[in-house]
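Take a look at the structure set out below.
Coordinate-derived values only; no laboratory data. From a predicted model like this one, the values you see are computed outputs, not experimental measurements. Here Cβ is always computed from backbone atoms with ideal geometry, including for glycine, and neighbour counts include all displayed protein chains.
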């Protein structure tokens, strides 16, 4: 996520912003890793809203996060912007909650993956 927000800020400055948003809107499956790791300022939040707005009910997006959905508002500075983003993300979402040890920890201990039922 951090790299995406940074790249969009640079693209806004050099004129590539509309082209990048257009490309992001056409990707069949967009995967955003580590949602909530950094707090989104107003511009970063606006950028994310633009992406989700273009993709809403048209393309698929996977978001990974270690932060519970109930805490996602805390990662976006502007509350109304947070409401708009989360409305587009959570409304039609399938939520999968994983529990247990990190896969990295399990691999380093040579343990088999834990299957949830």
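Per the Cα gyration tensor, segment 2-108 maps to an equivalent ellipsoid with semi-axes of 24, 16, 15 Å, ordered largest to smallest. Among 22, 102, 65, the residue with the largest mean-square fluctuation in a Gaussian network model of the chain, with springs joining Cα atoms closer than 10 Å, is 102. Between the helical axis of 2-14 and the longest alpha-carbon principal axis of the chain there is an angle of about 10 degrees. Sorting 29-38, 75-84 by average packing, meaning the other beta carbons within 10 Å per residue, from highest down gives 75-84, 29-38. Helix 79-90 and the longest principal axis of the Cα set of the chain meet at an angle near 60°. Normalising by the residue count of the chain, find the relative contact order in percent from Cα pairs under 8 Å and 6+ residues apart. Normalised by residue count, the contact order of the chain is 25 percent. Using only Cα atoms, find the angle between the long axis of helix 17-26 and the longest principal axis of the chain, and express it within 0 to 90 degrees, rounded to the nearest 10. Roughly 50 degrees between the two axes.
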